[in-house]
Amino acid sequence: MPTKPPEEKSPDRVAIISAVKTYLGFFVLVVLVVEAVLGALALKTQGEVQVVALYGMLFVVAALIVVVSLFAYLKPEALLRTFAADSSPEMQSVQEFCKRISGHWWERIFPGEPSAISFLEIRPDKSTNTVKMIGKAYTKDGELAANWESVASCVDPSGYKVFYYWKGLHPARPKEPFEGFGEISFREFSGQLDGADGVFSDTNLTDMETTTKKSVEFKRSTDSELQVMKEGNDTAISELVRKKLKG
């Protein structure tokens, strides 16, 4: 079977690299890539190699903390300096895309166990020229299953894509943190970005072999649905969640 020459980059790699706009974003992207490689190595190996991979992941995180701390102390403005001026067409495109996808969304999860659907907010993060996502996941019975948020992300406005790294906790299992990577591809209809599809990985950090990959479908929340979710009435929220899953 023919293969691409080694020097040719895949479209996904090009999209991710081009989405990094700040020096802080570059540091984070490097750490995520290195940790992904070491994590995969840890999952597929045993003994000393696995231990070295796990310690390597901790070392990379510690190194990032040291580097960012030094910059924050000596020259904090350098961390958030963009590779291009804020007034450039490229940066304006990034900011416009972040505004277009901001708001509240329903995220239907397949397969739907243990979490079947999430209700999340996407909002622009001006400090990094990307977006922040905060969500709550629910079971098929409408019960709260998890709280999660993105801790790093980058956007590709030309491809209507968001790449992100997330962390979360299940209230019933607070000692078992979860994390993973995700990608969202937004769809434009009649000039609006009101739907999206995507995938994300889900890893229980207490059992690395439990990593799963799930597909998701996004739809914007209506104003009435947002009001129900913000009021915090457990019965009303549970009923709405079950209704959204049936729909």
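None of the figures in this text is laboratory data; all of them are computed from the coordinates on show. Since this is a predicted model, take the numbers as computed values, not measurements. Counting neighbours? That spans all protein chains shown, and the Cβs are built from the backbone with ideal geometry, glycine included.
If we keep just the residues of the range 121-134 that are touching a residue at least 24 places away in the same chain (Cβ under 8 Å) and touching an Asp or Glu at 6+ places or on another chain (Cβ under 7 Å), which is farthest from Thr206 (Cα to Cα)? Across the range 121-134, the extreme among qualifying residues is Val131. Within the set Gly142, Gly112, Gly168, the sole residue that is surrounded by 18 or more Cβ atoms within 10 Å (Cβ to Cβ) and in a loop (DSSP other than H, G, I, E, B) turns out to be Gly142. Which one of Ser215, Ser201, Ser185 is among the hydroxyl-bearing types (Ser, Thr, Tyr), within 14 Å of the chain's Cα centre (by Cα), under 14 Å from Glu107 (Cα atoms) and surrounded by 14 or more Cβ atoms within 10 Å (Cβ to Cβ)? Selected residue: Ser185, the only one of Ser215, Ser201, Ser185 that is among the hydroxyl-bearing types (Ser, Thr, Tyr), within 14 Å of the chain's Cα centre (by Cα), under 14 Å from Glu107 (Cα atoms) and surrounded by 14 or more Cβ atoms within 10 Å (Cβ to Cβ).
Entry remark, the range 147-165: residues being polar (S, T, N, Q) and surrounded by 20 or more Cβ atoms within 10 Å (Cβ to Cβ) number 2 in total.
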